[in-house]
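Heads up, the thing below is written out as structure tokens.
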Amino acid sequence: MKEDFLHYLWKFQKFSTFKLVTQENENLQILKSGVHNLNAGPDFLNAHIIINELVWIGNVEVHINASHWYSHHHEQNPNYDSVILHVVWIHDADVYRSDNTIIPTLELKNIVDTALLTNYKSLLQTKNGINCNNEIASIDSFTLSNWKERLFLERLEEKSKFILNELENNHNHWEALLFVLLSKNFGLKVNGESFLSIAQSFDFSTLKKCSKNALELEALFLGQAGLLEDEVEELYYFELKTNYSYLKRKFNLSNQNVIHASFFRLRPPNFPTIRLSQLAILYTERQNLFSEIIHAKTLDEFYAIFSVAANSYWDTHYNFKVTSSKRKKALTKKFIDLLLINTVLPLKYCYASFLGKDLSEEIIELASSISKEENTIIKEFEKYQINIQNSLESQALIQLKTNYCTNNRCLECAIGFKILKR
């Protein structure tokens, strides 16, 4: 039993309200359950009840055991003198206000439908991570669709908090912020923190000064990543190293705090050498990248913006010294989709909010046109016959799993709520 279940029972009066009687044997009638208080203080504010034909207006406190009133030290807090009703699962102690008047108590244990209690317990007893795995596929499409949209927007809001924090770190420079976010996501999960540390190792003005020359910008990125410290007898490597030595002196660069990039267990197209070259070419070819992203509205426009490939040297290489079969190392549609999901859409949403605009509908439409992600969470939901069509739905389900299922927040979830209503 968790206290949030009792909050649910009281808030929606999911118990028999016929001839209610308090533990003090007084007739009780509930007019208003009150406003659920998520901050400090009593659990429900401004409730309206009738006890023995006398109307009471005040607050309601909820506990599993009545004795928790004392273990939580409410008797020492004058804020709880306003409590007009103590709602408990088990009444194991009388509780009193500071003036020694008894607080009426309603015990729920014997007035809650056993089917509701069984449903609740079955949700929390699941051990595979998705509490409602046996019933989620039976939830009506209207409920699922609306809940997914709310979860998607909730995830955007959470990402906005991180973005605004990074904006402050970048002195409210939106272009610099975009570079930091893109760099992190170019590194994907394995090298995300490494690429982020590279982006943070020099001022954005340095990038702008180098962005006219692809070789210089690539030298900056690879050099700061520590990938130009070997002796390689190749002309291209020599040119990169020479350029980096010059840039290092000119801009007083240091990569002391840069996290080393990893090649381990990565598919060759995701090697840091390839991704950093692609990032350099992107910033060379798109001198007004932030403006283009903010003004782009269709998926085709975004694909055109990110239609870049690594330097031609990498057509026959994935790493220095070792040659490979010739293949142009362009950003794939799948990779661009990840950039849109994790960088572009959250940034556009956050920037619009920053300007006092609501871009929700446009973002929802874009997310609905992007292919779904492929990861363990999505595969887990698909295993239970959940049809996932696009990135809006995949992002929503990631939010559902990480923020609700994992934390057993079933009573705050539209799916859990629907199951309990049965």
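Only the coordinates and a few stated rules stand behind these numbers; no lab work does. Here the structure is a predicted model, which is why all the values come from computation and not from measurement. Methodologically, a virtual Cβ is constructed for each residue, glycine included, from the backbone with ideal geometry; neighbour enumeration extends over all protein chains shown.
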Checklist entry - In degrees from 0 to 90, rounded to the nearest 10, what is the angle of the helix 235-250 Cα long axis to the longest principal axis of the chain? => result 70 degrees
Item to check | Cα radius of gyration and Dmax for the range 3-112 (Å) | outcome: 12.5, 34
Item to check | Under Karplus coefficients 6.51, -1.76 and 1.60, residue-wise ³J(HN,Hα) of the range 393-403 in Hz, glycine/proline x | outcome: 6, 5, 5, 4, 6, 5, 4, 4, 5, 6, 9
Checklist entry - At what distance in angstrom do the alpha carbon centres of the range 37-96 and the range 387-422 lie from each other? => result 31 Å
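Let's see if you can work this out: charge +1 on each Lys and Arg Cβ, -1 on each Asp and Glu Cβ, no other charges. What is the dipole magnitude of the range 234-343 about its Cα centre, in debye to the nearest 20? Mind dumping the intermediate values first?
On the way: 16 positive and 8 negative charges, 83 e Å.
The calculated dipole for the range 234-343 is roughly 400 debye.
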Next on the checklist: Apply the Karplus curve 6.51 cos²θ - 1.76 cosθ + 1.60, θ = phi - 60°, to the phi angles in the range 51-67 and return the couplings in whole Hz, x for Gly and Pro.
Outcome noted: 10, 6, 6, 9, 7, 10, 10, x, 10, 10, 10, 10, 9, 5, 10, 4, 5
Next on the checklist: Give the average over all directions of the projected area of the C-alpha convex hull of the range 170-331, one decimal, in nm².
Outcome noted: 9.6 nm²
Checklist entry - What spacing in nm lies between the two simple spin-label points modelled at D358 and L124, each 7 Å away from Cα in the Cβ direction? => result 3.7 nm
Item to check | Nearest 10 degrees, 0 to 90: helix 272-285 Cα axis against the chain principal axis | outcome: 80 degrees
Checklist entry - In whole angstrom, how far apart do the alpha carbon centroids of the range 170-228 and the range 263-315 sit? => result 12 Å
Item to check | the range 1-59: GluC sites (Glu not before Pro) in DSSP coil with no more than 11 other Cβ atoms inside 10 Å | outcome: E53
Next on the checklist: Test of understanding: what is the full-extension gain from T298 to E24, defined as 0.36 nm times their sequence separation minus their Cα-Cα distance?
Outcome noted: 92.1 nm
Next on the checklist: Need the full-extension length gain, K250 to F417, defined as separation in residues times 0.36 nm minus the C-alpha distance. One decimal, nm.
Outcome noted: 54.0 nm
Checklist outcome for this item: Residue by residue through the range 338-351, the couplings from Karplus 6.51 cos²θ - 1.76 cosθ + 1.60 with θ = phi - 60°, in Hz, x for Gly and Pro, are 5, 5, 5, 5, 9, 10, 5, 5, x, 5, 4, 4, 5, 5
Next on the checklist: Need one number: nm distance between label points at E233 and A330, each 7 Å from Cα along Cα→Cβ, rounded to one decimal.
Outcome noted: 3.6 nm
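Just for the chain, what percent of DSSP beta bridges are antiparallel, to the closest 5?
On the way: 17 of 26 bridges.
Of all bridge pairs located within the chain, approximately 65 percent are antiparallel.
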Item to check | Sum of side-chain charges, V87 neighbourhood, beta-carbon under 15 Å (Lys, Arg +1; Asp, Glu -1) | outcome: -4
Next on the checklist: Averaging the inverse of every distinct alpha carbon separation and then flipping it gives the Kirkwood radius. What is it for the range 62-166, in angstrom units?
Outcome noted: 18.0 Å
Item to check | Local electrostatic count, V60, Cβ distance below 11 Å [Lys/Arg +1, Asp/Glu -1] | outcome: 0
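From the P(r) of the range 198-266, could you give the percentage of C-alpha pairs in the tail past 20 Å?
Numbers: 612 of 2346 pairs.
The answer is 26 percent, as a whole percent.
Estimate the FRET efficiency between A214 and H173 by the formula 1/(1 + (r/R0)^6), using the beta-carbon distance for r and 22 Å for R0, to the nearest 0.05.
Working: r = 23 Å, r/R0 = 1.05.
Computed FRET efficiency for A214 and H173 comes out at 0.45.
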Checklist entry - Taking a quarter of the surface of the convex hull around the Cα atoms of the range 271-422, what do you get in nm²? => result 12.4 nm²
Checklist entry - Can you list the residues, at least 5 places off or on another chain, whose amide H is less than 5 Å from the amide H of W56, using H built in the peptide plane? => result I49, I50, I51
Checklist entry - By per-residue mean of other Cβ atoms within 10 Å, what is the highest-first order of 178-184, 46-52, 334-340? => result 178-184, 334-340, 46-52
